[in-house]
Amino acid sequence: MKGYLKVLNPLVATAVLLVGIVYLLAFTSRTTATHRFDAVCPAIGAQTSIRLPNQTMISAEISCRPRGLSTGLMNRNTLPANRGMLFIYQKSGDHRHWMYHCSLPLDMVWLDAGKHVLEIQNDVPPCQSGIPFACPTYGTTKEAKYVLELNAGIVSAARLKMRDLLDFSVPGEKL
């Protein structure tokens, strides 16, 4: 029996590792294949001001390049008050987000091309797992062009709701 375990343990570990790699490749290839770099994407570190319907102003870092779209707020320990990240996708679609390596609880807001709220996920907890495929994904089945990530609690405090219009512009973005 011990002989089988010596052979079986490395095989199981290898199988788990391969499943994890396949999952990451599938997630990454889906993200980069549908969100190729667009020449109108603002420079890395660019920001925009977003006015919520209750007049709250959010300063949001813009993320529109493949690497930024796949990493977002990962590995950040803090997010200052009234700050966030605005993900801009080249094409509208079902853009799912996850909390792998994200240590902050977040509010996530999906917006259509007209900047109307399609979906809200309040107080999304960080994923405690070190295994990527063990972390849930969040999203909408509607056609979203933008996703806004904020500190947890901002959406409730601002009383943001479905179909609300957010006011912002992105330098160089095609309309």
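Read-outs throughout are calculated quantities, based only on the coordinates presented, and are distinct from any laboratory measurement. Since we're looking at a predicted model, the values are computed, not measured. Cβ sites come from the backbone with ideal geometry, for glycine too, and all protein chains shown count toward neighbours.
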| query | What's the number of the condition Leu160 fails, among (1) farther than 21 Å from Cys41 by Cβ; (2) under 15 Å from the mean Cα position of the chain (by Cα); (3) crowded, with 17+ Cβ neighbours inside 10 Å? | reply | (2)
| Just wondering, is there one or more residues in the range 104-121 that are farther than 15 Å from Ser169 by Cα and assigned to a loop (DSSP other than H, G, I, E, B)? | yes
| query | Does Glu149 meet the test of being within 21 Å of Asp94 (Cα to Cα), in contact with a strand residue (DSSP E or B) (Cβ under 7 Å, 6 or more places away or on another chain) and buried (at least 18 other Cβ atoms within 10 Å of the Cβ)? | reply | yes
